[in-house]
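> The structure under discussion is supplied below as structure tokens; questions concerning it will follow.
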Amino acid sequence: MMEQSFVMMKPDVAQRRLLGKILTRFEEKGLQLVAMKLLQIDESLAKEHYGEHAEKPFFNDLVSYITSSPSLAMVIKGDDAISLIRKIVGATNPKEADLGTIRGDFAMDMGRNVIHASDAPESAKREIALFFDDDEICDYQMVDDSWIY
Ligand code: RTP
Ligand code: MG
């Protein structure tokens, strides 16, 4: 099923100049970028985005990390994109993430795990609406996807 997922490169990625390299992984797989925005996330947006973790002991550190420097917010589209992107991203703890995944290859620490991706269709819908207006999403057709699908 065609899906859109919300994906966000966290502040360490721009700081390490890895934005292009990580974006390439999604494009090479056959996924399609339909929206993108580099933004400095403020405290209220960070708290809303990660609201499900408000009671967790790591919440304050997570909000500080996400607001520490600009992040790259994206909407990425493709067949079964939500679960597929979670697979490409890898486990939350980069030390446990398989090599070949983004976190497995580019991160060492849970608190600097480089990327966020929606974990279910409901969270994708909520997160896309939190970061993008409808008219900022370019839901264009690829000229020819027959070699991918
Ligand atoms: P994300 O939401 O960022 O894509 O990460 P995720 O689904 O893989 O993991 P989640 O459970 O949603 O946690 C959100 C972020 O909180 C930090 N975290 N720290 N025990 C800890 O210290 C801990 N657990 C989670 C991570 O930065 C994680 O990405
Ligand atoms: Mg999560």
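> Do we have any residue at all in the stretch 53-64 that's in contact with a helix residue (DSSP H, G or I) (Cβ under 9 Å, 6 or more places away or on another chain) and away from ligand 2 (no atom under 16 Å from the Cβ)?
So far as the stretch 53-64 goes, yes, one or more of its residues are in contact with a helix residue (DSSP H, G or I) (Cβ under 9 Å, 6 or more places away or on another chain) and away from ligand 2 (no atom under 16 Å from the Cβ).
> Can I ask one more? Name the residue that is surrounded by the most Cβ atoms within 10 Å (Cβ to Cβ), counting only residues in the stretch 72-95 that are touching a strand residue (DSSP E or B) at 6+ places or on another chain (Cβ under 7 Å) and in a loop (DSSP other than H, G, I, E, B).
It comes out as 90.
> Quick one: in the stretch 96-149, which of the residues that are charged (D, E, K, R), within 13 Å of ligand 1 (Cβ to nearest atom) and surrounded by fewer than 19 Cβ atoms within 10 Å (Cβ to Cβ) is farthest from the chain's Cα centre (by Cα)?
Here the answer is 96.
> So which residues in the stretch 92-115 are more than 16 Å from ligand 2 (Cβ to nearest atom) and either charged (D, E, K, R) or in contact (Cβ under 8 Å) with a residue 60 or more places away in the chain (or both)?
Initially, the stretch 92-115 is screened for residues more than 16 Å from ligand 2 (Cβ to nearest atom), giving 95, 98-100, 104-106, 108-109.
Of everything in the stretch 92-115, those that are more than 16 Å from ligand 2 (Cβ to nearest atom) and either charged (D, E, K, R) or in contact (Cβ under 8 Å) with a residue 60 or more places away in the chain (or both) turn out to be 95, 98, 105, 106, 109.
> Just checking, does the stretch 34-44 include any residue being buried (at least 20 other Cβ atoms within 10 Å of the Cβ) and within 16 Å of ligand 2 (Cβ to nearest atom)?
Yes, some residue in the stretch 34-44 is buried (at least 20 other Cβ atoms within 10 Å of the Cβ) and within 16 Å of ligand 2 (Cβ to nearest atom).
> Tally time: how many residues in the stretch 116-142 are within 15 Å of ligand 2 (Cβ to nearest atom), in a helix (DSSP H, G or I) and touching a strand residue (DSSP E or B) at 6+ places or on another chain (Cβ under 9 Å)?
Taking the stretch 116-142 first, the residues within 15 Å of ligand 2 (Cβ to nearest atom) are 116-128, 130-131.
Filter once more, keeping what is in a helix (DSSP H, G or I): 121-128, 130-131.
This time we only want the ones that are touching a strand residue (DSSP E or B) at 6+ places or on another chain (Cβ under 9 Å), so: 121, 123-128, 130-131.
Matching residues across the stretch 116-142 total 9.
> Could you check the stretch 12-69 and list, in sequence order, the residues that are in a loop (DSSP other than H, G, I, E, B) and closer than 26 Å to residue 2 by Cβ?
Just the residues of the stretch 12-69 that are in a loop (DSSP other than H, G, I, E, B), to begin with: 16-18, 30-31, 40-42, 50, 54-58, 67-69.
Correct list: 30, 31.
Values in this text are rule-based calculations from the coordinates and carry no lab data. Just so we're clear, the structure is a prediction, and the values are computed from it rather than from any experiment. Reconstructed Cβ throughout: ideal geometry from the backbone, glycine too, with neighbour counts over all protein chains shown.
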